[in-house]
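S.K.: Starting off with a structure, shown below.
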Amino acid sequence: MRRNRLIEWQRLLLLAPVFLLLLFAFALPLFAIVPEAFGGDAVGRFLLIFQSVVYRTVIWTTVRISLEATALTLIVSFPLAWLLSRATGAKALLLGLLVLVPFLTSVLVRTFAWLAILGQRGLVNATLLTLGLISEPLPLLFSEPAVVLALVHASIPMMVFALVTVLRRIDGRILLAAHTLGAKPVRAWFGIVVPLAIRGIQSGVIIIFLFTMASFIAPAFLGNQRQQMLAQMIQAQIETGADWRFAAALGVTLSVTATIVVLALSSVARYFSRWQNPGLSPTTAPQQLVQQADREILRTSVALPRSHFHLPALRRLSARWVEPAYLAVISIFILLPLIVLFPVSFSSADVLIFPPPGYSVRWFEKILGSPEWVSAALTSLRIGAAACVLCLATAILTVLGFGRHFRFQGAAEAIVLAPLSVPAVVFALGAYLAFARVGLVDTETGIVVAHTVLIFPVVYLVVSATYSSIDPWLSLASASLGANPWRIFRTVTFPLLLPGLAVGALLAMLLSFDESVASIFLSDLSVKTLPRKLWEGIRFNTSPESAAVSAMLLGVTCLVVIVGMVVVLGRRKNALLTLQSAPEALP
Amino acid sequence: MRDKSLPAVSFQDVTKRYGLVAAVSGVNLDISRGEFFALLGSSGSGKTTLLMLLAGFDSPTEGRVLMSGTSVSDVPPHRRQIGVVFQNYALFPHLTAADNVAYPLKMRGVGRSEREARVNAALGLVNLSDRRSSYPSQLSGGQQQRVALARALVFGPDILLMDEPLGALDRRLRDQMQLVLKRIQGELGITVIYVTHDQSGAMAMANRIGIMAGGRLLQVADPETIYAAPSNHFVARFIGECSILRVAATNGGKGYEIAGARQSLPSPAAEPFDIVVRPENVSICAAVEAASDGAFGLAATVRDVTYLGAGWRVALELSDGQSLLASIMRGEDVAGRLAPGLPVVARWAPASVAVLPTEGSS
């Protein structure tokens with residue numbers, strides 16, 4: 001009994017940092033929005049929002065675009081997630097990279113690339129003109145489809161991650177079973193795989209919906225005045241410093257709208273996943289049924305109905321080509337905006353033109369020679385390093401604090417992961433309002449704190465997954481061999497956590513380096529992060545200079561991913577080598 | 001300081017509850033120094049809980065656990081000086097075999113030279129000196145098992161706890177490891193507590209066996225006694241094959257009557273009782289050959305014959321409807337003619353039956 005209570009104290013001590021962080025840097029800022037939104041002439045403010053045609057249109061546009069983008073993302077990502085969940089070896093690695101690299105690239109960069117693709121003189125128009133399919137450029141930019149396209153592109157990685165975790169758990173034999181029972185491949189897929197993946201679909205849809213609801217970068221770059229989105233208006237209010245209270249009211253409106261739609265989506269998902277938590281099984285009288293059933297009927301066999309259109313050749317063809325064709329299209333869609341940055345950034349022209357009239361390195365020279373860009377990069381690096389250290393330390397303490405058998409693990413984990421379920425723009429708004437009072441706006445500390453809150457859940461997920469993959473008996477073994485709790489951590493838990501910590505550290509660095517929303521809200525004149533500077537650059541003048549910065553950011557991402565892969569694969573290879581070599585002599 | 005006469009381990013009225021469920025209830029058990037004790041039970045019987053209590057990973061709800069006469073309630077696991085071999089070995093995957101074995105020595109601040117000597121000795125003890133630089137993932141199941149054993153022995157613990165250590169090994173390897181274990185126990189004279197559900201392993205190695213079911217310790221005795229004189233129905237069924245027959249006591253418990261035949265008991269038993277008959281003690285002969293000389297013999301019908309290689313297992317139905325198992329060796333007279341439906345006479349020696357209190361009357 002006495003020991004048990006002691007353990008609870010240790011737990012509290014370990015969990016204190018994360019709960020303090022969430023309380024002061026997450027919950028309080030969010031609540032700071034409320035008094036701001038409802039202070040003063042609140043009635044007039046909300047009447048203005050809900051009565052004016054302008055704002056009602058904005059709300060409707062926001063929900064519509066978000067739903068369109070979410071639905072499209074789901075349809076486009078599902079096959080990719082399925083293929084990734086079934087892939088092994090090199091294929092799994094390549095598909096994983098296909099999803100990971102865009103995920104780790106700044107949303108700002110990925111959205112900007114669409115300017116170079118869809119612009120008047122962009123890639124698409126240039127190609128169509130050259131092919132002679134059109135005689136003058138199509139107005140592709142500054143339209144709703146352009147915004148949706150960019151949002152879908154930005155959302156694919158997150159959707160794939162959400163789906164893969166669930167799809168991976170589906171036993172492949174269940175599909176074989178469906179085939180032996182007479183289901184055609186497509187039928188088996190929609191009847192078995194999709195229903196089994198319902199939890200993944202649910203979480204993916206909600207994550208993507210919240211993400212798209214809160215995005216302001218895509219509509220600001222690619223949309224037009226007629227279809228502004230809520231988050232865009234909030235950002236504009238804060239940037240122009242016009243009306244905090246109105247911005248807060250818009251933030252509340254966004255949250256409430258998002259909550260209503262998410263609840264609706266969840267209840268739909270609950271309907272479709274009702275098999276996962278069935279109530280008490282209904283009682284039938286089996287005896288009676290058995291007696292009534294005529295077993296003779298089982299002696300005759302039931303043939304599959306003759307297919308109305310039965311084209312073996314077509315089926316064989318589609319079986320062979322559907323997957324590669326789909327993979328080719330989706331890879332081009334995912335990679336094109338990343339690849340197009342490189343030729344554009346080496347352009348010799350002063351404006352974004354594709355294909356560039358000539359090539360030069362002038363934009364890179366200009367960036368590297370500009371003290372503003374260099375200092376922005378250094379600022380981002382400093383912030384990334386600080387956020388990374390804070391995230392790692394908090395994640396380790398949290399994981400150890402939860403331990404293996406924590407009665408309230410579910411609830412506590414939900415709290416810890418809460419920052420993932422709040423639209424980033426709402427948190428950024430709250431952070432701006434709250435930090436402004438304590439003088440943290442436009443300081444590196446403020447951005448570091450905000451980044452830690454936003455990125456911590458991701459790092460926690462990685463570290464906690466590693467922790468739960470460690471055999472729980474190891475710490476018991478270690479204790480039985482004479483190690484006290486601290487030495488158990490130092491000699492067993494920590495070394496085994498290291499791979500997860502390394503991945504978590506890389507993720508934290510990259511995510512902080514690329515994070516745009518909080519950076520744009522919280523930095524202004526004195527502290528400029530790279531994303532903030534890029535945002536300004538693209539807003540005021542879409543020159544190849546921004547493309548060059550984007551290309552460099554992308555290059556950094558690729559480099560980090562490659563280094564990470566080499567380290568991970570290198571470790572595996574080492575293990576293999578020692579396995580093959582004969583046992584060596586003692587050192 | 002340690003009194004050699006005190007039991008190495010003793011459980012005194014130990015009960016462990018998780019919520020309302022008692023995983024272990026009212027266990028009293030003394031294990032002497034140098035003993036090889038097997039704790040036998042099916043999964044969920046509470047045997048692993050008992051082991052966790054002894055190793056200090058959990059503390060009893062009621063009662064005390066003593067080691068060499070001293071209560072260990074306040075001793076944390078890392079100070080208990082118990083070597084534990086876990087079911088899945090729990091080798092540290094990031095350390096080599098030698099480093100795994102050296103781990104408990106490092107925790108105890110043992111100097112480098114003594115550490116080397118002890119690691120070498122321990123690895124030599126389990127015949128693994130040539131794999132010292134291998135990582136656990138590079139070792140086979142049997143080798144991992146031996147590293148785990150070396151690691152648990154290297155610091156000279158008072159007690160070696162083993163939790164289903166041979167469960168994951170195939171049969172041949174298991175037999176081999178049993179020999180290794182017995183040899184090592186003889187060499188070091190250490191107290192071994194061996195938790196398992198494998199009755200043949202327990203029989204082969206242990207000095208004494210404790211049978212657990214439903215969190216209770218049902219019987220503690222040496223293997224021969226457990227087999228020949230089980231104390232209740234569960235133990236009788238758990239160890240080996242047997243038939244438990246309902247009989248009517250005669251002569252004030254000095255004998256019994258079954259299916260019209262009477263037999264006396266070597267020593268009188270308290271009524272009412274059932275008898276346990278092991279298949280190998282039953283002999284059968286065809287009914288026509290059975291001389292009606294008044295000797296003990298039960299009329300029975302063959303229901304089923306299973307060929308086992310060395311002989312046959314025969315399921316019989318007695319004239320009063322009870323079933324009886326007999327095992328017939330190759331070469332016995334009746335062997336060639338066994339077929340379902342054959343009327344036979346079954347016999348057994350008076351001393352070969354064990355008496356059990358009838359279930360529910362206890």
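S.K.: Among A:Gly39, A:Thr180, A:Gln228, whose Cα lies farthest out toward the positive end of the dipole of the range A:39-275, if unit charges sit on the beta carbon of Lys, Arg (+1) and Asp, Glu (-1)?
M.R.: A:Thr180
S.K.: Sort B:172-183, A:558-569, B:198-209 by packing, meaning the average of other beta carbons within 10 Å per residue, with the highest value first.
M.R.: B:198-209, B:172-183, A:558-569
S.K.: Based on Cβ point charges of +1 for Lys and Arg and -1 for Asp and Glu, what charge dipole magnitude is obtained for the range B:241-357 about its Cα centre, in debye rounded to the nearest 20?
M.R.: Around 100 debye, computed over the range B:241-357.
S.K.: Additional query: So what is Rg over Rh here for the range B:137-238, counting just Cα atoms and using Kirkwood for Rh?
M.R.: Here the Rg-to-Rh quotient is 0.99.
S.K.: Take peptide A:467-477, look around each residue's Cβ out to 10 angstrom, count Cβ atoms belonging to other protein chains, and average those counts.
M.R.: Average per residue, whole number: 5.
S.K.: Ranked highest first by the average count of other Cβ atoms within 10 Å around their residues, in what order do A:16-27, A:39-50 fall?
M.R.: A:16-27, A:39-50
S.K.: Can you tell me the FRET efficiency between B:Arg172 and B:Ala310 if r is taken as the Cβ-Cβ distance and R0 is 30 Å, rounded to the nearest 0.05?
M.R.: 0.95
S.K.: Between B:Ala248 and A:Ala411, what is the FRET efficiency for a Förster distance of 60 Å, r being their Cβ-Cβ separation, to the nearest 0.05?
M.R.: 0.45
S.K.: Evaluate the charge dipole of the range B:9-237 about its Cα centre and quote only its size in Debye, nearest 20, assuming +1 on the Cβ of each Lys and Arg and -1 on the Cβ of each Asp and Glu.
M.R.: Dipole of the range B:9-237, to the nearest 20 debye: 400 debye.
S.K.: Total accessible area buried between chains A and B, 1.4 Å probe, in Å² to the nearest 100?
M.R.: Approximately 2600 Å², summed over both chains.
S.K.: Then there is this: Please report, in debye to the nearest 20, how large the charge dipole of chain A is about its Cα centre when each Lys and Arg carries +1 at its beta carbon and each Asp and Glu carries -1 there.
M.R.: For chain A, the charge dipole is close to 1920 debye.
S.K.: In terms of solvent-accessible area of protein heavy atoms at a 1.4 angstrom probe, what is the ranking of B:Glu280, A:Glu372, A:Glu323, highest value first?
M.R.: Order by accessible area, largest first: A:Glu372, B:Glu280, A:Glu323.
S.K.: For chain B, what proportion of DSSP beta bridges, expressed in % and rounded to the nearest 5, is antiparallel?
M.R.: Antiparallel bridges make up about 75 percent of those DSSP assigns within chain B.
S.K.: Continuing with the same structure: Calculated FRET efficiency, A:Val322 and A:Arg169, Cβ-Cβ r, R0 22 Å, to nearest 0.05?
M.R.: Using R0 = 22 Å, I get an efficiency of 0.35.
S.K.: Using Cα pairs closer than 8 Å and at least 6 residues apart in sequence, work out the relative contact order for the range B:241-357, in percent.
M.R.: 32 percent.
S.K.: Run through the DSSP bridge list for the protein assembly as shown and note the antiparallel percent, rounded to the nearest 5.
M.R.: 75
S.K.: Give me the net charge for the shell around A:Phe103: Cβ to Cβ below 14 angstrom, other residues only, Lys and Arg +1, Asp and Glu -1.
M.R.: Residues near A:Phe103 contribute -1 overall.
S.K.: Follow-up question, since we're still on this one. Of all DSSP beta bridges located in the range B:241-357, what percent are antiparallel, nearest 5?
M.R.: Roughly 100 percent of the beta bridges in the range B:241-357 run antiparallel, per DSSP.
S.K.: Continuing with this model, one more query. Over all residues in B:77-90, what is the mean tally of Cβ atoms on other chains that come within 10 Å of each residue's Cβ?
M.R.: Mean partner-chain Cβ count within 10 Å for B:77-90: 5.
S.K.: Treating the angle as unsigned and between 0 and 90°, give the value, to the nearest 10°, between the Cα long axis of helix B:171-188 and the longest Cα principal axis of chain B.
M.R.: Compared with the principal axis, the helix lies near 60 degrees.
S.K.: Which of rounded, prolate, oblate describes chain A, given a ≥ b ≥ c as roots of the alpha-carbon gyration tensor eigenvalues and a/c under 1.5 marking rounded, otherwise prolate only if a/b is larger than b/c?
M.R.: It comes out rounded by the Cα gyration axes.
S.K.: Tell me the relative contact order for chain A as a rounded percent, counting alpha carbon contacts under 8 Å between residues six or more apart.
M.R.: 22
S.K.: Roughly how crowded by other chains is peptide B:138-149, in terms of the mean Cβ count from those chains within 10 Å of each of its Cβ atoms?
M.R.: Mean inter-chain Cβ contacts per residue within 10 Å come to 1.
S.K.: Sticking with this structure for a sec: For the range A:39-275, what is the relative contact order in percent, using Cα pairs closer than 8 Å and at least 6 residues apart in sequence?
M.R.: 27
S.K.: Just to confirm a number: summing +1 for Lys and Arg and -1 for Asp and Glu over residues other than B:Ile275 whose beta-carbon lies under 14 angstrom from that of B:Ile275, what do you get?
M.R.: +1
S.K.: At a Cα cut-off below 14 Å, give the aspartates and glutamates reachable from B:Lys16, other chains included and same-chain residues fewer than 8 away excluded.
M.R.: B:Asp58, B:Glu62
S.K.: Here is a further query. Starting from the Cα of A:Lys366, draw a straight line to each of the aspartates and glutamates and keep only those under 14 Å, dropping any in the same chain fewer than 8 residues away.
M.R.: Partners found: A:Asp350, A:Glu545.
S.K.: Separate question: Can you tell me the order of A:150-158, A:426-434, A:360-368, A:397-405 when each peptide is scored by its average per-residue count of other Cβ atoms within 10 angstrom, highest first?
M.R.: A:426-434, A:150-158, A:397-405, A:360-368
S.K.: Output wanted: per-residue J couplings in Hz (rounded whole) for the range A:115-127, from phi through Karplus 6.51 cos²θ - 1.76 cosθ + 1.60, θ = phi - 60°, x for Gly and Pro.
M.R.: Each residue of the range A:115-127 in turn: 4, 6, 8, 9, x, 3, 10, x, 4, 5, 4, 4, 5 Hz.
The values are calculated or read from the model by the stated rules, or taken from the named source; none is laboratory data. Keep in mind that this is a model prediction, so the values were computed, not measured. For neighbour counting, all protein chains shown are included, and Cβ atoms are generated from backbone atoms with ideal geometry for every residue, glycine included. For accessibility, only protein heavy atoms count, side chains too; no ligands or nucleic acids. Shrake-Rupley method; radii C 1.70, N 1.55, O 1.52, S 1.80 Å.
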